[in-house]
Amino acid sequence: MNRFISVVMILIILVVCVGFFRGWFSMTTNNEPLTEKLDVHFQVDRDKMKQDANAVEEKTKSVLNLEKKEDQVQNAPR
């Protein structure tokens, strides 16, 4: 059970890191000196996530189609 929790935590950290790198998530802060309060805002860009998911899907389909075509060419009678 301990190993499962560790794997899940690592996957969460990985998704967050990739998300910040790809622009899926952003965080802004606003410091108010008079009240000594710090506002932290976390934003999720769902459109960017969908665009990236669609791009991965299209790339995967094109790679699978290329592999099928290569298999057909290699298995063609000579």
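Observations
- Segment L66-M1, extension gain: residue separation times 0.36 nm, minus the distance between their alpha carbons: 19.3 nm
- V44 sits among other residues whose Cβ lies under 15 Å from its own Cβ, and their net charge, with Lys and Arg +1 and Asp and Glu -1, is +1.
- Cβ-Cβ distance of N54 and T28, R₀ of 35 Å, FRET efficiency by 1/(1 + (r/R0)^6): the value works out to about 0.85.
- Here region 1-35 is scanned for amide nitrogen atoms under 16 Å from the site 7 Å beyond the Cα of F42 along Cα-to-Cβ, giving 9-21, 23-30.
Every number here is computed from the coordinates shown, using simple stated rules; none is lab data. Computed from a prediction, not measured in an experiment: that's the story for all the values here. Note that we place each Cβ from the backbone using ideal geometry, even for glycine, and neighbour counts take in every protein chain shown.
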